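**Q** Can you keep this structure in mind? I'll have questions shortly.
The numbers here are math on the coordinates, done by the rules we state, and not lab data. What you are looking at is a predicted structure, and each value in this text was computed from that prediction instead of being measured. With ideal geometry, Cβ positions are generated from the backbone for all residues, glycine too; neighbour counts draw on all protein chains shown.
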Amino acid sequence: MNKPLAIMTNTKNIRVGILMGSDSDWPKIKAVAVALDEFDVGYEVQVMSAHRTPDLVSHYAQSAKDRGLQVIIAAAGGAAHLAGVCAAHTILPIIGIPVPTDLAGGLDSLLSTVQMPGDIPVATVGAGMGGPRNAGLLAVQILALTDPALSEKLVQFKRQLVEKVKQRNENLQATLR
């Protein structure tokens, strides 16, 4: 079995695995890592394919819990089966990111990721710019269920969002006067 290609790792207490079907997906999904970094959540990033390296994906998903991972985020485009294959091989929560494609702008990826059969759950975020960031934030929310310090960081994050929107509204109102 080939060793997966590591793209980037925040090795501080790795709790999240980020998988992508191709290294060319990284520019489209790196907002996942940015979101996890904001909350100081450790992660690893790997390239593996549900179709080209199915044994590698199976081994990764099966061994993830024993290696300390608590959430897997899987990004793929087109025939986006990576998240579903991971979900078939682990009890960990899986978050699927449909990666935009030239063929259908991400609709193909979204449909491939979201149409899972019963008993194989995959939480799927939106296709497009917000999806990767939301995948990272959803992983943080899952982890925060059993981590009070992370939960408090999320509370502060939500408060900051409220203040940010209030400030933007005040700025807009000032320009309208």
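**Q** Rank by packing, highest mean first: peptides 62-69, 133-140, 162-169, with packing defined as the count of other Cβ atoms within 10 Å averaged across residues. List each step's numbers first, then the result.
**A** Numbers: 62-69: 13.6, 133-140: 23.1, 162-169: 9.8.
The packing order, highest mean first, is 133-140, 62-69, 162-169.
**Q** Okay, next question. Quick check on the chain: helices-only [θ] at 222 nm, where DSSP H runs of length 4 and up contribute -39,500 (n - 2.57) each and the sum goes over total residues. Nearest 500, please. Walk me through the numbers on the way to the answer.
**A** Working: 7 runs with 82 residues, N = 177.
Rounded to the nearest 500, it is -14500 deg cm²/dmol.
**Q** For segment 27-162, which semi-axes, largest first and in whole Å, follow from the square roots of 5 times the eigenvalues of its Cα gyration tensor?
**A** 24, 19, 12
**Q** Going toward the positive end of the dipole of the chain, with +1 on Lys and Arg Cβ and -1 on Asp and Glu Cβ, which of 77, 154, 88 do you reach last?
**A** It is 154.
**Q** For the charge dipole of the chain, defined by +1 on Lys and Arg C-beta atoms and -1 on Asp and Glu C-beta atoms about the Cα centroid, which residue among 172, 49, 125 has the Cα displaced farthest towards the positive pole?
**A** 172
**Q** Between residue 13 and residue 38, how many nm apart are label points set 7 Å from Cα along the C-beta direction?
**A** Label-label distance for residue 13 and residue 38, simple model: 2.0 nm.
**Q** Next question. Note down the relative contact order for segment 51-173 as a percent, whole number, built from C-alpha pairs under 8 angstrom at least six residues apart. Don't skip to the answer; put the middle values down first.
**A** Details: 174 pairs, mean separation 23.5, N = 123.
In percent, rounded to a whole number, it is 19.
**Q** Students often forget the sequence filter, so: which aspartates and glutamates lie under 14 Å Cα-Cα from residue 12 once same-chain residues fewer than 8 apart are removed?
**A** Qualifying aspartates and glutamates at Cα under 14 Å: 37, 38, 40, 44.
**Q** What is the log10 of I(q)/I(0) for segment 124-177, computed with the Debye formula using one identical point scatterer on each Cα and no solvent, at q = 0.16, 0.20, 0.29, 0.30 Å⁻¹?
**A** Ignoring solvent entirely, the Cα scatterers give -0.65, -0.81, -1.01, -1.03.
**Q** How big is D for segment 83-162, in µm² s⁻¹ as a whole number, if Stokes-Einstein is applied with the Kirkwood radius of its Cα pairs at 20 °C and 1.002 mPa s? Don't jump to the answer; show the numbers that get you there.
**A** On the way: Rh = 13.9 Å.
Approximately 154 µm²/s, per Stokes-Einstein.
**Q** Could you tell me what a quarter of the Cα convex hull surface of segment 44-121 works out to, in nm² with one decimal place?
**A** Seen from a random direction, the Cα hull of segment 44-121 projects 4.8 nm² on average.
**Q** Assign unit charges at the C-beta atoms only (+1 for Lys and Arg, -1 for Asp and Glu), then state the dipole size of the chain relative to its Cα centre in Debye, rounded to the nearest 20. Numbers along the way, then the final one.
**A** On the way: 16 positive and 15 negative charges, 99 e Å.
Value, rounded to 20: 480 debye.
**Q** Estimate the FRET efficiency between residue 160 and residue 102 by the formula 1/(1 + (r/R0)^6), using the beta-carbon distance for r and 30 Å for R0, to the nearest 0.05. Before the final figure, lay out each step's value.
**A** Values: r = 36 Å, r/R0 = 1.21.
Calculated value: 0.25.
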